[in-house]
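The values are calculated or read from the model by the stated rules, or taken from the named source; none is laboratory data. Because the structure is a prediction, the values reported are computed rather than measured. With ideal geometry, Cβ positions are generated from the backbone for all residues, glycine too; neighbour counts draw on all protein chains shown. Just the protein is used for accessible areas: all its heavy atoms, side chains included, with ligands, DNA and RNA removed. Shrake-Rupley method; radii C 1.70, N 1.55, O 1.52, S 1.80 Å.
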Amino acid sequence: MRPIVLFDASRLLSRTERAAPTGIDRVCLAYAEWLIAHPDYDMVPVRGRKGQPALVNVEWFERKVAKLRKRWEGQSGTHLRAVDKKLFSTLAAEVRPEASIRDENAHFEDKRKVVKSRTVRQFFRSRRVEALPKAFAYVNVGHTGLDDPELLATMSEAHIAPIILVHDLIPVTHPEYCRPGDGDKHKRRMRHTLRYGAHLIANSQYTADQLDLFATSQGMVRAPTTVAHLGVEPHLGKGEPLKTKRPYFVYVGTLEARKNLAFLLTVWRRLEERMGDETPSLVLAGRLGWENENALDHLERSPNLQGLVHQVSDLSDLALSSLMQGARAVIAPSSVEGFDLPAVEACAMGLPLLASDIPPHRELTLTARLIDPVDGLGWIEALEDWTRVPPSKPHFSPPCWSDHFKIVEQEILSPLAGKLRGS
């Protein structure tokens, strides 16, 4: 009998109806696919139910994973929706249009309710168990359920080693960018991670350093931690770039406060005042997140931005790839990040990147042009510069999932499996 790895499928189960993934969703999908195809282990999906593990039907879960991959890449016949075609047509216009494109289906609260109502059905594909399979590891890479210690305690009591991937500590270090209560919730997650985690994975050295500082502040000892940069999807960059007569820039990610978008739109207003008809367009490609009111006010009420700044969500990977490749550059103005997968993906695609000068960007986006996240004049000058003279496409050796999983296999799973065989 092959060694068993329990994979926490909770986050993917809550995403089965989504048209496009977030960064953490991509990580969960990559891990699920890796463990499903692993030649040496059997993957058993689980989810938390009132603090206790429930087993998920393996065959059903594998089919869901395959469908998610197909949909998120854009293979299911929905490469371009009506709003995508309208956006691409607007960007291709020779003159600045009168109105901006807005994705009316991107509203944060409505989407959460829709997803919640649809995913209730998934829970009937799982069942509570009295005794867990004799697994040697439990893998949680989505932060889901970590605020409740009971599930992790159950794993530890069953001598199943919890392996937890830490994406960031932003709700702890920067609670002003998160929903009320998220800071306390994430503190609980991280305390439980430190208490029960047998081995931790940090997506960047910056995240590992922040975890160290948090452990010290709590008087706790950090579990063995491996830094493994996240991989980039290999199919990104294979589509045809969007061709336009007027230059445009693109931001990729959730529209939320920590992404510094209100500042970026203020910069764009000033850019329009300076450049007039030569002002480039800006596309915000992402869902509406928490505390986005300031950015939305700019989008809806500033006459300087009408016809220049567009917003769309739920692009398939093929559509997003075309949009990114046709842009003058990708923009990543965040105030704080743990990894910033879209910025790394832009570099991996060989695209110019204009990014905020913060630790993860210095660590991970080595070819980017970095500017302080509140240096308005610096951003304006860089945007003017790259609008008038297209930047050269840099060479970048991207992190890949095979390298990530090689680290996880060699430093974590293989030694744990070896202990199981020796016991």
Name every residue in the stretch 317-337 that is modelled with pLDDT under 95, more than 15 Å from Val283 (Cβ to Cβ) and open to solvent by less than 10 Å² (accessible area, probe 1.4 Å), in order of residue number.
Asp317
The number of residues in the stretch 1-53 that are modelled with pLDDT of 95 or more, out of contact with any Pro (no Cβ under 8 Å at 6 or more places or on another chain) and of a type in the set (A, V, I, L, M) is 7
Any residue in the stretch 400-412 that is basic (Lys, Arg), in contact with a helix residue (DSSP H, G or I) (Cβ under 8 Å, 6 or more places away or on another chain), over 16 Å from Gly253 (Cα atoms) and at pLDDT 95 or above?
no
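Would you confirm, using the coordinates I've provided, whether Leu211 is aliphatic (A, V, I, L, M), at pLDDT 95 or above and in contact with a helix residue (DSSP H, G or I) (Cβ under 8 Å, 6 or more places away or on another chain)? It would help to see each step written out before you state the result.
Values: aliphatic (A, V, I, L, M): yes; at pLDDT 95 or above: yes; in contact with a helix residue (DSSP H, G or I) (Cβ under 8 Å, 6 or more places away or on another chain): yes.
For Leu211, the condition - aliphatic (A, V, I, L, M), at pLDDT 95 or above and in contact with a helix residue (DSSP H, G or I) (Cβ under 8 Å, 6 or more places away or on another chain) - is met.
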Residues that are farther than 30 Å from Arg328 by Cβ and either over 27 Å from the mean Cα position of the chain (by Cα) or touching a residue at least 60 places away in the same chain (Cβ under 8 Å) (or both): list the helices (runs of 4 or more DSSP H) wholly contained in the stretch 354-423 that include at least 1 such residues.
401-408, 414-422
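Only one of Arg287, Arg328, Arg274 is charged (D, E, K, R), over 30 Å from Pro234 (Cα atoms) and in contact (Cβ under 8 Å) with a residue 24 or more places away in the chain; which?
Being charged (D, E, K, R), over 30 Å from Pro234 (Cα atoms) and in contact (Cβ under 8 Å) with a residue 24 or more places away in the chain holds for just one of Arg287, Arg328, Arg274, which is Arg274.
Go through Ala32, Ala66, Ala92 for me and flag whichever is closer than 28 Å to Leu305 by Cα and either out of contact with any Gly (no Cβ under 7 Å at 6 or more places or on another chain) or open to solvent by 30 Å² or more (accessible area, probe 1.4 Å) (or both). Can you show your working first?
Details: Ala32 fails: closer than 28 Å to Leu305 by Cα; Ala66 fails: closer than 28 Å to Leu305 by Cα.
Of the residues listed, the single one that is closer than 28 Å to Leu305 by Cα and either out of contact with any Gly (no Cβ under 7 Å at 6 or more places or on another chain) or open to solvent by 30 Å² or more (accessible area, probe 1.4 Å) (or both) is Ala92.
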In this structure, does Arg11 turn out to be assigned to a helix (DSSP H, G or I), touching a Gly at 6+ places or on another chain (Cβ under 6 Å) and crowded, with 20+ Cβ neighbours inside 10 Å?
yes
Only one residue in Ile170, Ile163, Ile201 is under 22 Å from Glu363 (Cα atoms) and in contact with a Leu (Cβ under 8 Å, 6 or more places away or on another chain). Which one?
Ile201
Any residue in the stretch 41-53 that's under 18 Å from Val141 (Cβ atoms): show its pairings with residues that are hydroxyl-bearing (Ser, Thr, Tyr) at Cβ separation under 7 Å, as long as the two are six or more apart or on different chains.
Arg47/Ser10; Arg47/Ser126; Gly48/Ser10; Pro53/Thr154
Kindly indicate whether Pro3 is over 15 Å from Leu151 (Cα atoms), touching a strand residue (DSSP E or B) at 6+ places or on another chain (Cβ under 9 Å) and of a type outside the set (A, V, I, L, M, F, W, C).
yes
Look at Arg191 and say whether it is of a type outside the set (S, T, N, Q), outside any loop (DSSP other than H, G, I, E, B) and open to solvent by 40 Å² or more (accessible area, probe 1.4 Å).
yes
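Filter the stretch 288-308 down to residues that are outside any helix (DSSP H, G or I) and under 20 Å from Val252 (Cβ atoms) and give me whichever is modelled with the lowest pLDDT. Walk me through how you get there before you give the answer.
As a first pass, look at the stretch 288-308 and keep what is outside any helix (DSSP H, G or I): 288-292, 302, 306-308.
When the remaining residues are screened for being under 20 Å from Val252 (Cβ atoms), the result is 288-292, 308.
Working: Leu288: 82, Gly289: 77, Trp290: 67, Glu291: 60, Asn292: 67, Leu308: 94.
For the stretch 288-308, the residue satisfying everything is Glu291.
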Some residue of the stretch 83-94 being among the charged types (D, E, K, R), at pLDDT 85 or above, within 24 Å of Leu165 (Cα to Cα) and within 22 Å of the chain's Cα centre (by Cα)
no
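Is it the case that some residue within the stretch 261-284 is open to solvent by 20 Å² or more (accessible area, probe 1.4 Å), within 22 Å of Pro373 (Cβ to Cβ) and not in a helix (DSSP H, G or I)? Show your work before the answer.
Of the stretch 261-284, the ones open to solvent by 20 Å² or more (accessible area, probe 1.4 Å) are 262-263, 266, 269-270, 272-274, 276-278.
Then keep just the ones that are within 22 Å of Pro373 (Cβ to Cβ); that gives 262-263, 266, 269-270, 272-274.
Still in the list and also not in a helix (DSSP H, G or I): none.
The answer is no; no qualifying residue exists.
Conditions tested, residue by residue: (1) farther than 24 Å from Val44 by Cα; (2) part of a loop (DSSP other than H, G, I, E, B); (3) modelled with pLDDT of 95 or more.
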{"position": "Phe123", "(1), (2), (3)": "no, no, no"}
{"position": "Ala137", "(1), (2), (3)": "no, no, yes"}
{"position": "Ile164", "(1), (2), (3)": "no, no, yes"}
{"position": "Glu176", "(1), (2), (3)": "yes, no, no"}
